[in-house]
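In what follows, a single structure is set out as structure tokens and then discussed.
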Amino acid sequence: ASQLCSCSSIGLDSIPLGLTAKITVLNLAHNRIKRIQSQDLQQAVNLRALLLQSNKISSIDEDSFQSLEKLELLDLSNNSLAHLSPLWFGHLFSLQHLYLQGNSYRDLGQSSPFSSLRNLSSLHLGNPQFSVIRQGDFEGIDFLQKLWIDGSNLSQYEQGSLKSIKQINHMIINLRNSNIFSDLVRDLVHSVTWLEVTEIKLPVEQKSLVENSTRPFRVQKLTFKEALFTDQTISRTIVSLKEITSLKELEGINCVLEGKGRWNTKEIARSGQSFVETVTIIKATIQNFHLFFDLEGMESQINKLKRLTITSSNVFMVPCKLARHFSSLLYLDFHDNLLVNKRLDETICERSWPSLQTLNLSQNSLKSLEQTAKYISRLPKLNNLDISQNNFDEIPDVCEWPKLLKYLNLSSTQIPKVTNCIPRTLEVLDVSGNNLKEFGLQLPLLKELYLSRNQLKTLPGAAPIPNLVSLSVRRNKLNSFSKEEFESFRRMELLDAGDNNFICSCEFLSFIHREAGIAQVLVGWPDRYVCDSPLAVRGAQVGAVHLSLMECHRSLVVSLICVLVFLVILLLVAVGYKYHVVWYLRMTWAWLQAKRKPKRAPPKDVCYDAFVSYSENDSEWVENTMVRELEQACPPFRLCLHKRDFVPGKWIVDNIIDSIEKSRKTLFVLSEHFVQSEWCKYELDFSHFRLFDENNDAAILVLLEPIQSKAIPKRFCKLRKIMNTKTYLEWPAGEEQQQVFWENLKGALKS
């Protein structure tokens, strides 16, 4: 269903059955398939890519690929094919990429196997046994984007074999037989744009490379990889290559030069001017390079050179005399060599490299930034300088630089700070990897600033760098940046602040989420912007984090909660006051106290006939009238009065409870004052629970003055009910009625 069938590395011995027209990509690489038969791929008519590399294929039926007219890529590399048949590829009209290298065939057969492949773009062939290329081998191919031939043991090449291919953009050939090199070049000089030769040991060729060839030539770039040169062969090669007038670029990668630079400079000079504009030498090995001659006499060959790259090749100096003849050189790359400050004085002497615009001295052994700047200031047209990965350690306050310098790379140079040594003319500055803690230079023309891998805690100020367009502060100690900091860079188009330990505060997140278009400005957004704190969101992408209101406005929320709690308490107090909640609490406490005592005291503990509950405002009547009448009666009644009989120092509530418990009756002297009295409430509270709930007549109500039932607080619900349902004694005004009142009261107390 996915149109891709991947069956690689599963130990298949043959192509699996059941392949259908749905499949467009079939990967059978790294198995043990030995043969491809006619019917194996017959149904896979829509196949675009067939990968059969690294099997053990030694036999292919002639019509095995007949139904694969839509096939664009066929990989048969690293198998055991001993010959190639044109019949295999006869119906592959759409084939663009064919890989046949790593088999065991010695030649391409009696006729071209590629004659019907009109759309072929890239072809890889050859193997360690491949030894012969004949005329007609490439018949039918007009154009190739890339041709790769493993001819490491190629021993026979028929002149003109590759001429049938009219254009090859990039050809790579592994060639050890140096005698074939010249014939190859003569055939390819009109068709190949970039020729790459590996493992060759160049001969001392006396014949011309372009003998009997007519101009114009097509070759523009020639690359030697892992080639071996001597002083003699390199001199002759330089002379021979001058004949290829179209050649603009020479490249040597991992090459070895056996010699000391004793080149035949006179012959080289007599051969005329070189047309090469770009020379690149990477990882050249020169035995005893410190004894290498200064190439005196080569001055005439370098004055047209525009680009020179010599990297990882132990270059420690260029003689001043030679350097002055690089009159047209615009680009010089001496990356990863052995240049030191003392030799730099010779390498960049006065009037040397007069046209140089770009210089790369990174990863050398320069120690003094002040001296380096001084020598480089001799280059009047220099505007691009890379001196990164040199251990300068210190940076002076003032330096002398070329007046036109616009780009400066000082990354990984161990400078502890930035000073006015850095020129104000810069448009691009890279000081990454220097453990800088701040950046405050005044650079009015600066457009790009790279501060990665430092110790910055905030963005640099925008005022000293008003024209900044791009800023990189990756892998610093940046915790956040504010809207004000961000907007202060008015021309900012790119900000790379990834891989920092961001504190995802509410302010930072609010700015990130609300700032329109910030995703277009932040480089690496959102993957490289990760929260380090708070702990709950550590590791989460900044853009995906949303903190709660409590986390964002903690102090405000706490303040609101405190205000709400205060208002609730205030409301509860108001409600409690209105609905006598305190009274109910006291009632509950009294009830709990009463519950802990027995419901009725033993007879021996009853000391009083009655406990008198009255208001202080009614004390004159109680103490002078009622007490005298009852306690002087015959027999006398013993009354309990709080003024007289309460135990000093004892809690008043306990006194009330104990007095009621030790009295047979409780006598309530009711009046308006009684209802308003605080302690009368306590006394009534307890009796309300203790006595009324027992449904007995232990309570005697004496109404000292008329009281309306509605005047009694609603919380004394049972008292209101008793006054409405039971008889109570009312103190009369007349003396005759008073005598009856006393008789009735005494009778109630005796009952």
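The values are calculated or read from the model by the stated rules, or taken from the named source; none is laboratory data. Please read these numbers as outputs of a predicted model, since none were measured by experiment. Neighbour counts are summed over all protein chains in view; Cβ atoms, including those assigned to glycine, are modelled from backbone coordinates with ideal geometry. Note: areas computed on protein heavy atoms with side chains; ligands, DNA, RNA excluded. Shrake-Rupley method; radii C 1.70, N 1.55, O 1.52, S 1.80 Å.
Could you work out the relative contact order of the chain, using alpha carbon pairs under 8 angstrom and six or more residues apart, expressed as a whole percent? Mind dumping the intermediate values first?
Working: 1670 pairs, mean separation 26.4, N = 751.
For the chain, the relative contact order is 4 percent.
Might you tell me the accessible area per residue for the chain, computed with a 1.4 Å probe and given in Å²? Intermediate values should be presented prior to the final figure.
Values: 37380 Å² over 751 residues.
Computed with neighbouring chains in place, this is 50 Å² per residue.
Okay, helix-only estimate at 222 nm for the chain: each DSSP H run of n ≥ 4 adds -39500 (n - 2.57), divide by all residues, round to 500 deg cm²/dmol; what do you get? Per the formula, -6500 deg cm²/dmol.
Among residues other than residue 731 with Cβ under 11 Å from its Cβ, the summed charge is -3 (Lys and Arg +1, Asp and Glu -1). Note on residue 15: accessible area is roughly 10 Å² with a 1.4 Å probe, heavy atoms of protein only.
Which pairs break 22 Å Cα to Cα here: 342/374; 283/321; 221/283; 662/746? The partial results should precede the final answer.
Values: 342/374 12 Å; 283/321 25 Å; 221/283 19 Å; 662/746 19 Å.
Violating the 22 Å limit, Cα to Cα: 283/321.
Helices of the chain meeting both criteria, an alpha-carbon length of 27 angstrom or more along the long axis and an average Kyte-Doolittle score not below 1.0, with helices taken as full DSSP H segments, are 554-578.
For the chain, would you read off the P(r) tail past 43 Å as a percentage of all alpha carbon pairs? Here the long-distance tail beyond 43 Å is 63 percent of all Cα pairs in the chain. Our estimate of slack between residue 300 and residue 287, defined as 0.36 nm per intervening residue step minus the Cα-Cα distance, is 2.1 nm.
Counting Lys and Arg as +1 and Asp and Glu as -1 over every other residue whose Cβ lies under 10 Å from the Cβ of residue 470, the net charge comes to -1. Express in whole angstrom the spacing between the alpha-carbon centres of region 269-304 and region 81-124. A separation of 42 Å, based on Cα centres.
Tally Lys and Arg at +1 and Asp and Glu at -1 over the other residues with C-beta under 11 Å from the C-beta of residue 160: what net charge comes out?
Numbers: positive: 134, 163, 186; negative: 137, 158, 183, 187.
For residues surrounding residue 160, the net value is -1.
Highest mean packing first, where packing is the average number of other Cβ atoms within 10 Å per residue, the peptides 66-77, 554-565, 527-538 line up as 66-77, 527-538, 554-565.
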